[in-house]
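What follows draws every value from the coordinates through simple rules; no lab data is involved. Being a predicted model, the structure only gives us computed values, none of them experimental. All Cβ positions, glycine included, derive from the backbone under ideal geometry; neighbour counts span all protein chains shown.
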């Protein structure tokens, strides 16, 4: 087995991905360990170009006009060492009438002092769709810093969906900063679900501009903080065109000595636009807790179950 094959096996295994998936010709994939591309395969209509940079990789991704990628593209960004920096620079263009789903696995199972930085620019042309599901596996030491920043332009009739979830391990530090601009009849959905414990810190900044008529946008966050963890969620949605519609939904649970703040900002700059918002911060629902405890669960187990339900 070559060094690249060994690293590919290690990062996919730590992320819980079936290795056979990367042998299939009908599934595109990109595997990056630190600053090395250890596996890459594209399908018809999808171009992936990579360039090694200091402590990372620059990725140029283009999906050609009219192409629909049948199976989710598998991306895996990982670092097996306990310390280090990984910097991913992503420039993606999804051309007119093209459609793609990406499942991104970010895995740092041994981290004591690891930083993962992503700087992304994404352009969706008319009637394109881009769904990006980001799944994280961290160590239980809390030694990971995840700092993704993205600028996204969603063209007419296009659809952009992003979903962030921590599957395993402690948060450490997560600092998300996404800003999206939407044209006529486009759709935006940004979702984040994070469970923070110990001294973890969560920062979420998501901004959506509904600049086109009949555009739609949803910003949704679900965060639970326990022990001495802290979370700050800033969600801003602006509607500046007729019949633009949006909703901001923040639900955060606080336990122990955790601290959480949620700042939902809604702006309407047109008399025919409409945005709603809902924010809920506090402890677990007492009625739910009592119901579960009445069925034999301990208070801790009942609380865990309620939090799991919130984060699904």
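Of note:
- For region 3-311, relative contact order (Cα pairs under 8 Å, six or more residues apart, normalised by length) works out to 10 percent.
- Gain on full extension, evaluated as 0.36 nm per residue between residue 265 and residue 133 minus their Cα-Cα distance, stands at 45.0 nm.
- Each part gets one Cα centre, and for region 192-260 versus region 1-25 those centres are 34 Å apart.
- Whole-angstrom gap from region 26-52 to region 118-161, using each part's C-alpha centre: 17
- Most fluctuating residue given options 44, 200, 35, as computed from a GNM of the chain linking Cα atoms under 10 Å: 44
- Ratio of Rg to Rh for the chain: 0.99 [Cα atoms; Kirkwood radius as inverse mean 1/r over pairs].
- Ascending count of other beta-carbon atoms within 10 Å, so fewest first, for 68, 107: 68, 107
- Overall form of region 225-277 per C-alpha gyration tensor (a/c, 1.5; a/b vs b/c): prolate
- With helices as the sole contributors, the chain gives -3500 deg cm²/dmol at 222 nm; each DSSP H run of n ≥ 4 counts as -39500 (n - 2.57), and the sum is divided by every residue.
- Shape metrics for region 82-221, restricted to C-alpha atoms - Rg then Dmax, Å: 15.7, 49
- Sequence of 177, 256 once ranked by neighbouring C-beta atoms within 10 Å, starting from the fewest: 256, 177
- Extending 7 Å from the Cα toward the beta-carbon at both residue 52 and residue 227 defines two label points whose distance is 3.7 nm.
- The fewest-to-most ranking of 61, 220 by surrounding Cβ atoms within 10 Å reads 220, 61.
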